[in-house]
Amino acid sequence: MASNSNVGFGDEESQLSGGTNRVQPCSSTPRKRNTIDDDGKKQNFLSLSQRLGIQDFFSLDVWRASMGELLGTAVLVFMLDTIVISTFESDTKMPNLILSILIAVVITILLLAVVPVSGGHINPVISFSAALVGIISMSRAIIYIVAQCVGAILGALALRAVVSSSIEDTFSLGGCTVTVIAPGPNGPVTVGLETAQALWLEILCTFVFLFASIWMAYDHRQAKALGHVTVLSIVGVVLGLLVFISTTVTAKKGYGGAGINPARCLGPAIIRGGHLWDGHWIFWVGPTIGCVAFYVYTKIIPPKHFLAEYGFKHDFVGVVKAMSNV
């Protein structure tokens, strides 16, 4: 998705279908050939299958691009969970701060590596929000999210293969936790965060993540002005800050911090199991609500700021309208 000046987390369909290997930048301004017919007239109707991008399911190039998502997410899970374990295993006074800095660095590097291949999502939050906004089709988002989940499982498997059983038991493969069972004065007790608190943290952190960083990639003007290295660095820094804030402001033992990436939480949960499934739904429902809230925000602000004159053809409202015409 990166070129000389633009950054995107989205639509590769034009260049993939065109048979070229170069991934073009995603822009918040839709390409006119997607919205203007050969006579220069505005297209008023797109079929439901076009809105959903059903053809992406049958595109070999889309599936090949999803391999970048799979491998990128596998490396992400392996690296992040390794950082979680090593940071808290080390004798440092501020593990949360070190953890957040390392996460920011790793995410930035991985985004720079994966963006030219698939758009650099490596996170269902980005894929789903991009589909809602219309930058990519819902079909492509589904393919990417499946690839990300498979990659997360492979990453957790790789981590399990290199750590000792005692570390695996102690840190639960660095997975996402809301509560854990800890020894108490009168026997084992459950410690951690209340369900409502954890859910709100996921919603708020996801929205802030999209608003404060991914927004720059969606808006072609900011991406062009800042450059793709700067934008991707900001994405990493914002995620690092959110991890630091969510783990510090709660100060609850047993709570692993905001996930903001359902796939990363799914991998260790499938491989490790046990208490990682307790409240696991929070790491899916919270980000989903945050993505929807961000989409509503993009529909409220002045159209000229984000959506171009004709909008994106995969926009969720357009999908709903197409469904009503079926």
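Dividing the Cα convex hull volume of the stretch 245-307 by residue count, how many Å³ per residue is that?
Dividing the Cα hull volume of the stretch 245-307 by its residue count gives 104 Å³.
Quick check: residue separation of Met94 and Val162 times 0.36 nm, minus the Cα distance between them. What number comes out in nm? Each step should come with its number before you reach the end.
Working: separation 68, 0.36 × 68 = 24.48 nm, distance 2.56 nm.
Going from the current span to full extension adds 21.9 nm.
Using 0.36 nm per residue of separation minus the Cα-Cα distance, give me the extension gain between Thr248 and Phe211 in nm, one decimal.
11.2 nm
Using 0.36 nm per residue, how much length does the chain from Leu112 to Asp169 gain when fully extended, once their Cα-Cα distance is taken away?
That works out to 17.2 nm of additional length.
When only Cα pairs under 8 Å and 6 or more residues apart are kept, what is the percent relative contact order across the stretch 204-282?
Dividing the mean separation by the residue count of the stretch 204-282 yields 24 percent.
If you wrap the stretch 90-171's Cα atoms in a convex hull and average its projection over all directions, what's the area in nm²?
7.1 nm²
What list of ³J(HN,Hα) values in whole Hz, one per residue of the stretch 242-249 in order, does the Karplus curve 6.51 cos²θ - 1.76 cosθ + 1.60 (θ = phi - 60°) give from phi, with Gly and Pro shown as x?
So the Karplus estimates, Gly and Pro as x, are 5, 5, 4, 5, 5, 8, 8, 5 Hz.
Filter the chymotrypsin sites (Phe, Trp or Tyr not before Pro) in the stretch 113-205 down to the DSSP loop ones having no more than 13 other Cβ atoms within 10 Å, then list what survives. Write out the running numbers ahead of the final one.
Working: sites: Phe128, Tyr144, Phe171, Trp200; in loops: none.
Sparse-neighbourhood loop chymotrypsin sites (Phe, Trp or Tyr not before Pro): none present.
Find the eigenvalues of the gyration tensor of the Cα atoms of the stretch 198-268, then list the square roots of 5 times those eigenvalues as equivalent ellipsoid semi-axes, largest first, in whole angstrom.
Value: 26, 12, 11 Å, ordered largest first.
Would you calculate the separation in nanometres between label points at Glu194 and Tyr297, each defined as 7 Å from the Cα along the Cα-to-beta-carbon direction?
Between Glu194 and Tyr297, the label points sit 2.5 nm apart.
So which trypsin sites (Lys or Arg not before Pro) in the stretch 216-274 are both in a DSSP loop and have at most 14 other Cβ atoms within 10 Å of their Cβ?
Sparse-neighbourhood loop trypsin sites (Lys or Arg not before Pro): Lys253.
Throughout, read-outs are computed from the coordinates displayed, never taken from laboratory work. Keep in mind that this is a model prediction, so the values were computed, not measured. FYI the Cβ positions are ideal-geometry reconstructions off the backbone, even for glycines, and counts take in every protein chain you see.
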